[in-house]
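Let me begin by presenting the structure, written as structure tokens, before commenting on it.
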Amino acid sequence: MAHVVGIDLGTTNSLIAYMDGETPRAIADDKGRTALPSVVAFLEEASAESVLVGEEAKQYLTTRPKSTIYSVKRFMGKGREDLKDDLKMLPFSLVGQEKEAIRIGIGKKTYTPTEISAHILRGLKARAEKALNTPITKAVITVPAYFNDSQRQATKDAGKQAGLEVLRILNEPTAASLAYGLQKEKEGTIAVYDLGGGTFDISILKIKNGIFQVLSTHGDTLLGGDDFDRQLLKRIRDEVLEQYDVDLLKNGALLQEVRLMSEQVKWQLSSQTSADVSLILPDNKGRYERQFTRSEYEGMIKGLIDRTLESCHKALSDAKLSPEDVDEVVLVGGSTRVPLIKERVGDLFKKVPHSELNPDEVVALGAAVQAKILSGGITDMLLLDVTPLSLGIETMGGIVSRLIQRNTPIPTTAKEAYTTHVDGQRTVSIHVVQGEREMVGDCRSLAKFNLTGIDPLPAGMPRIEVVFLIDANGILNVTAKDLRSGKETTVEVTPTYGLSDEEAEKMISASMEHAKEDLEKRQRIESINEAETVLRHTEKALAQGSDLLDGDEREKIEAIMTQLKAAMSEGTHRQIRETLTELNQVTQRFAADLMSQTVKEALKNKKLSDV
Ligand code: AMP
């Protein structure tokens with residue numbers, strides 16, 4: 001069976017993994033390294049052979065800064081105007097107008113972040129093909145849980161450009177949970193704490209019957225292990241300046257040496273209680289020597305860890321949970337090897353976090369598990385996403401009839417029957433909308449189509465069945481069918497296309513803000529719809545059964561009908577309902593008489609036809 005691989009396309013490093021039987025394994029390069037630096041160097045313009053990836057590219061970061069691209073994940077699916085100022089300060093040039101997608105200028109050519117990412121993916125694909133000795137054509141690629149639709153689409157496109165069919169874009173925290181086999185839990189809440197080199201994310205997930213749902217995410221895109229290095233670097237710089245009058249900032253090569261040294265000190269302090277530093281200073285200024293203890297270092301990084309814990313509290317409160325509600329905690333990212341982090345995260349959630357797997361590989365390993373599930377290798381698990389917003393159709397008076405509620409796990413299907421409003425109506429218009437508000441005008445319009453060829457019948461008689469079906473990729477199929485004639489029409493839409501997370505959130509919070517007025521509007525329109533039907537029927541009855549009414553009675557009925565019309569145009573839904581009740585009361589006797597007359601007629605007709 002061909003291997004379907006799992007790929008962690010990271011900001012600093014990327015990894016590729018596959019399932020070796022039942023065990024997910026990260027694939028290493030010739031030198032045994034599993035992490036491929038997410039760096040792409042363009043040595044010459046317009047020559048595919050001169051593009052280097054990974055360690056080979058990394059060595060050009062300082063010598064060819066303008067054409068060696070790193071951190072490209074930060075630009076995926078983004079426009080110029082989305083960029084924060086600190087992201088604009090890069091050695092390579094970002095081009096394109098304010099409103100356009102970002103492009104990276106290298107020499108005379110420009111590249112999209114997707115094209116650069118495709119190079120990283122090609123590098124990983126080649127590594128896996130060499131190691132497994134088989135062509136790799138299908139993959140699951142992970143993205144942060146907070147990635148919006150265009151960032152996900154850009155990632156998927158990168159896979160395609162690299163010659164991969166992307167079976168699923170998977171959330172990184174979900175992947176980490178899969179690596180620990182947490183999908184086997186019947187039910188539970190998982191916190192995934194991910195601290196890498198430059199970014200921090202916390203995600204709270206809910207799992208039920210193998211279905212993962214992201215309840216909330218929080219984080220800091222500019223906080224990571226690099227900041228721990230910087231704390232050590234700053235301390236050394238200050239001490240060297242004070243004791244030896246040497247300014248490291250004025251000596252680039254020495255500064256670089258201390259930077260690397262700081263990271264090594266940090267690593268050592270994860271497994272030892274002390275680490276020694278020795279630095280020969282220029283101009284015969286002597287040697288700076290120092291021992292750092294773990295507790296001293298912990299004092300330096302405490303404030304940074306506190307910031308990550310504050311994010312955890314925010315994510316919990318967004319998910320309306322307390323730390324005790326979390327059943328499992330998963331650690332991801334190289335920086336979670338710091339013992340103080342394990343301890344503080346464990347204290348916060350009051351349980352020992354999962355850290356048995358290599359925290360650098362855990363996301364890729366989980367992606368490989370998902371790849372196997374999707375390729376049918378593991379059949380007893382179902383892995384699903386949820387719809388971010390409700391989906392429905394427009395009904396009379398611009399009211400939304402909701403078929404699928406938001407947060408419903410997908411794939412899912414829903415069915416509802418509707419009818420016509422006018423006698424002999426042959427066409428109905430189906431307007432598919434997305435959102436949480438009661439009125440169509442306040443929701444997002446997704447598609448409009450007509451169902452024609454309905455059998456002409458009195459209003460309210462035809463049965464038009466509308467079926468919504470969302471597949472595993474989030475594609476919505478809407479079918480409308482006239483059950484009598486069998487005529488049907490189908491459209492396909494992608495509900496999340498072009499919808500950012502912020503927009504989705506805005507739509508949800510607007511629905512809460514406007515809940516009361518929306519409900520009033522809806523009730524008013526519903527009572528108007530009902531009143532229209534009753535008026536139509538009454539008018540018909542008045543014409544049909546004029547011999548059953550005396551003048552007084554007719555006058556009374558007509559007066560209330562006028563009153564009802566006035567209430568429909570200006571009254572509240574309560575006034576409309578009250579007038580409707582009054583109309584029903586005054587027409588009660590007449591309606592009963594009319595009914596028995598109609599029955600008698602029908603029986604007469606029956607007899608006739610029986611003869
Ligand atoms: P990631 O982005 O997940 O690859 O994480 C990279 C970060 O993890 C870098 O800041 C590394 O210095 C850090 N890291 C790797 N190993 C260790 C360790 N043993 N102790 C502390 N930090 C580490």
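The values are calculated or read from the model by the stated rules, or taken from the named source; none is laboratory data. This one's a predicted model, so the numbers in the text were calculated from it and none came from an experiment. When we count neighbours, we look across all protein chains shown, and the Cβ atoms used for this are built from the backbone with ideal geometry, even at glycine. What goes into the accessible areas is simple: the full protein's heavy atoms, side chains included, and nothing from ligands, DNA or RNA. Shrake-Rupley method; radii C 1.70, N 1.55, O 1.52, S 1.80 Å.
On average, how much area does the Cα convex hull of the range 519-590 cover when viewed from any direction, in nm²?
Numbers: hull surface 17.2 nm².
If you wrap the Cα atoms of the range 519-590 in a convex hull and average its projections, you get 4.3 nm².
For the range 515-603, which whole-number percentage of the solvent-accessible area (1.4 Å probe, protein heavy atoms only) is attributable to carbon and sulfur atoms? Present the calculation step by step, with values, prior to reporting the outcome.
Working: 3000 of 5620 Å².
Using a 1.4 Å probe with all protein chains present, the range 515-603 comes out at 53 percent carbon and sulfur.
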Counting only residues 5 or more apart in sequence or on a different chain, those whose built amide H sits under 5 Å from that of ASN13 are SER38
Enter the angle in degrees (range 0 to 90, nearest 10) between the Cα long axis of helix 362-374 and the first principal axis of the Cα atoms of the chain, meaning the one along which they spread out most. 40 degrees
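At 0.36 nm per residue, and after removing the present C-alpha to C-alpha distance, how many nm does the segment from GLU257 to GLU517 gain when stretched out fully?
Numbers: separation 260, 0.36 × 260 = 93.60 nm, distance 6.45 nm.
That works out to 87.1 nm of additional length.
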Per-q log10 I(q)/I(0), the range 414-561, q = 0.09, 0.22 Å⁻¹ (Debye; single scatterer per alpha-carbon; no solvent): -0.44, -1.32
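How high is the relative contact order of the range 389-513? Use alpha-carbon pairs under 8 Å, at least six apart in sequence, and give a whole percent. Provide the component values of the computation, followed by the final result.
Working: 275 pairs, mean separation 30.0, N = 125.
It comes to 24 percent, rounded to a whole number.
What ranking, highest mean first, results for peptides 572-582, 210-220, 115-125 when packing means the other Cβ atoms within 10 Å averaged over each residue? Don't jump to the answer; show the numbers that get you there.
Details: 572-582: 16.6, 210-220: 19.5, 115-125: 23.9.
Result, highest mean first: 115-125, 210-220, 572-582.
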Measuring from centroid to centroid over Cα atoms, what is the spacing of the range 1-80 and the range 419-471 in Å? 49 Å
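For the range 129-268, what is the relative contact order in percent, using Cα pairs closer than 8 Å and at least 6 residues apart in sequence?
Working: 184 pairs, mean separation 20.9, N = 140.
In percent, rounded to a whole number, it is 15.
Suppose all protein chains stay in the model; what accessible area per residue would a 1.4 Å probe give for the chain, in Å²?
Details: 30340 Å² over 611 residues.
Value returned for the chain: 50 Å² of accessible area per residue.
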Helix 294-318 axis, angle to the chain major axis (alpha carbon atoms, nearest 10°): 10 degrees
Cut-off 13 Å between beta-carbons: net charge of the residues surrounding TYR60, Lys and Arg +1, Asp and Glu -1: 0
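Of all the accessible heavy-atom surface of the range 261-403, with the other protein chains kept in place and a 1.4 Å probe, what percent is carbon and sulfur?
Details: 3030 of 6300 Å².
Using a 1.4 Å probe with all protein chains present, the range 261-403 comes out at 48 percent carbon and sulfur.
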Using a cut-off of 12 Å between beta-carbons, work out the net charge of the residues near GLY397 (Lys and Arg +1, Asp and Glu -1, GLY397 not included). -2
Viscosity 0.692 mPa s, 37 °C: Kirkwood-radius Stokes-Einstein D of the range 225-300 over Cα pairs, µm²/s: 262 µm²/s
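What number comes out for the charge environment of MET439, summing +1 per Lys or Arg and -1 per Asp or Glu over other residues with Cβ under 15 Å away? Numbers along the way, then the final one.
On the way: positive: ARG402, ARG437, ARG444, LYS516, LYS521, ARG522, ARG524; negative: GLU394, GLU436, GLU438, ASP442, GLU513, GLU517, ASP518, GLU520, GLU526.
Taking every other residue near MET439 into account, the sum is -2.
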With angles folded into 0 to 90 degrees, how steeply does helix 573-610 sit against the dominant principal axis of the chain? Use alpha carbons for both and round to 10. 60 degrees
Dimensions of the chain along principal axes (Cα, Å, largest first)? 121, 50, 49
Please turn the phi angles of the range 4-12 into ³J(HN,Hα) values with the Karplus equation 6.51 cos²θ - 1.76 cosθ + 1.60 (θ = phi - 60°), one per residue in order, whole Hz, x for glycine and proline. 9, 9, x, 10, 9, 8, x, 5, 9
